[in-house]
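Only the coordinates and a few stated rules stand behind these numbers; no lab work does. Model, not experiment: these values are computed from the prediction. FYI the Cβ positions are ideal-geometry reconstructions off the backbone, even for glycines, and counts take in every protein chain you see.
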Amino acid sequence: MTLSTKLDLKDRNEPLKIALVGHRYLLNDSLSNLNIKENLAKKGVDIITSEQMPRKLIEDQMNKLDYNMYFDYVREILGTIMYFQENNTIDGLLQLAVFSCGPDSIILELASRYSQRTSGPPLLQLVIDELTSEVGFSTRLEAFLDMVERRT
């Protein structure tokens, strides 16, 4: 069995459910995100994005913190990760971040620490910059999906 056939999740009874979190422009610009939505869809993965999360759920998560996250998009990203880490309603989390974005560096660290404290779904953090290769990106994505599939 080759790697590509092994990772074809379309034959599963239930598709993997992956939360895709990040800045809205990054989630929706296929050039910036290296076609991640299309690649996940081709593999039969159901995607929910942080922009689809109800605002009330995000604010409930943010109220658990001892500090206030100022930017709305930071609240959206971190609140989504916190919600799914606590509720185990998905199979995995993919967090997209931009290397040169200051708030992203903070969110990455906070999300990583929060993820380590919970027994929720696995979190893969993908940092994108001008040197990110599509091949390396795809390899990490496939390895993550393979690991998530083995857990389910």
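Ordering T118, Y73, M53 by the projection of their Cα atoms onto the charge dipole of the chain, which places +1 on the Cβ of Lys and Arg and -1 on the Cβ of Asp and Glu, puts T118 at the extreme positive end. With a Cα cut-off of under 14 Å and a minimum spacing of 8 residues unless on different chains, the lysine pairs in the chain number 8.
Taking the C-alpha atoms only, the angle from helix 102-117 to the longest principal axis of the chain is near 80 degrees.
As a proxy for reagent exposure, ranking L110, L57 by other Cβ atoms within 10 Å from fewest up yields L57, L110. Taking Cα atoms only, the orientation of helix 134-151 departs from the longest principal axis of the chain by about 90 degrees. Its Kirkwood hydrodynamic radius, worked out from the mean inverse distance over all distinct Cα pairs, puts the range 3-151 at 15.6 Å. log₁₀ I(q)/I(0) of the range 64-117 at q = 0.22 Å⁻¹, via Debye over equal Cα point scatterers, no solvent, to two decimals? Calculated log10 I(q)/I(0) at the listed q: -0.87. Potential lengthening of the chain between T152 and F99 amounts to 16.0 nm, from the contour at 0.36 nm per residue minus the alpha-carbon distance. What is the helix-to-structure angle for 72-87, meaning the angle in degrees between its Cα long axis and the longest Cα principal axis of the chain, kept from 0 to 90 and rounded to the nearest 10? The angle comes out at about 60 degrees. Each of Y25, Y70, Y83 was scored by other Cβ atoms within 10 Å of its Cβ. Arranged with the fewest first, they read Y70, Y25, Y83.
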